[in-house]
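The values are calculated or read from the model by the stated rules, or taken from the named source; none is laboratory data. Computed from a predicted structure; not experimentally measured. When we count neighbours, we look across all protein chains shown, and the Cβ atoms used for this are built from the backbone with ideal geometry, even at glycine.
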Amino acid sequence: MLLELDEEVFADADGHNAFLVLTLLSFTIDGRHDWYPPPAVLDSAIRYLEENAPKLLHTWRELLRNAATAGVWQAARPRPPVTVTAANLDALAHDLGRPAVVVVENSRNDGSFLRALFQAYAPELATALDRHWLRFGHTGGGGEQVHVTDEAATEFKAICRVIVIKDNDRKYLEPIDRSVPEAWPPEQPHVHIWQRLEVENYLPDAVLHATSHPDAETMIYHLRMMTPEQQRWIDMKHGLPKSKPAELYREVDPEARRHWRTGFKHQFQNPLVPVSVVLRVEDFRQLGDDVHDELTQLVQRIRSVA
């Protein structure tokens, strides 16, 4: 997360406060969270270290100054900051020390897709996964989603660092308006509903080529010949017979209909995106501007709480 430390945080040097302050500073030193201190606050932080942790000062002084310098180039920050004050220091030190949670239906398959997405759009999120600063919550099905989400939310005291990603299931036929800003910092889990049917509808061609389907290349060709709206709602697992609304596919070419009579069924890889497939932003952008824009917004939202 992007932090702003109020200068008053460095005014109290009692034992417990010193522990919390040093904990927060350690988060920023090791790259878990970002802090770009203005000059006055940087001076207060250095004085605090001189008085309370002189052994750390030699190592941390230069790193803090580098962060302050980097702040000059952070004028247009895409992430909203979280302000740490003397009043919320205890709660935020707790929350910021726990991994952020992304709740998905299947942590192996959905998780593999999100990891590939992070590596393309925000490698620091892939690093956060590796360092256990970010984790996936596994629901095993929609019925457990509320329970798993509620359990994750209870891990936090002040900032709910939980994001839920849900399949669309054709419940939202119109594009979802994500322009309305939510409360910040978040007090409830953020819910992201895919604008396409489900995660399989966001798989770039490289992933589909990696499936075990013997007709994969031809299926991909006919899939990309369909309209964006048809690609949005097609049932990638079960093909056109299960794709709704049915009238959307009435004009599909007979040859395409023949190849898509069953979909990919169980021939997707497990995990969904194999580690051997390395994706780039351009791979997702080729699926359409709607996909690229949605994934960009989702990654930014996850970065804001990770």
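What helices (runs of 4 or more DSSP H) completely inside segment 208-281 contain at least 3 residues that are touching a helix residue (DSSP H, G or I) at 6+ places or on another chain (Cβ under 8 Å) and aliphatic (A, V, I, L, M)?
216-225
Based on what the data block shows, is residue 63 in the same structural domain as residue 12 (by TED's automatic domain parsing), buried (at least 18 other Cβ atoms within 10 Å of the Cβ) and under 30 Å from residue 10 (Cα atoms)? Criteria not met by residue 63.
When 280, 261 are checked against the criterion of being surrounded by fewer than 16 Cβ atoms within 10 Å (Cβ to Cβ) and touching a residue at least 60 places away in the same chain (Cβ under 8 Å), 280 stands alone in meeting it. In segment 142-155, is there at least one residue being more than 18 Å from the chain's Cα centre (by Cα), in contact (Cβ under 8 Å) with a residue 24 or more places away in the chain, outside the structural domain of residue 34 (by TED's automatic domain parsing) and surrounded by 13 or more Cβ atoms within 10 Å (Cβ to Cβ)? Looking for residues that are more than 18 Å from the chain's Cα centre (by Cα), in contact (Cβ under 8 Å) with a residue 24 or more places away in the chain, outside the structural domain of residue 34 (by TED's automatic domain parsing) and surrounded by 13 or more Cβ atoms within 10 Å (Cβ to Cβ), one finds at least one in segment 142-155, hence yes. Look at (1) in contact (Cβ under 8 Å) with a residue 40 or more places away in the chain; (2) more than 28 Å from residue 101 (Cβ to Cβ); (3) surrounded by 15 or more Cβ atoms within 10 Å (Cβ to Cβ) and you find that residue 228 fails only one, number (3). Restricting attention to segment 80-106, the residues that are more than 13 Å from the chain's Cα centre (by Cα) and assigned to a loop (DSSP other than H, G, I, E, B) total 10.
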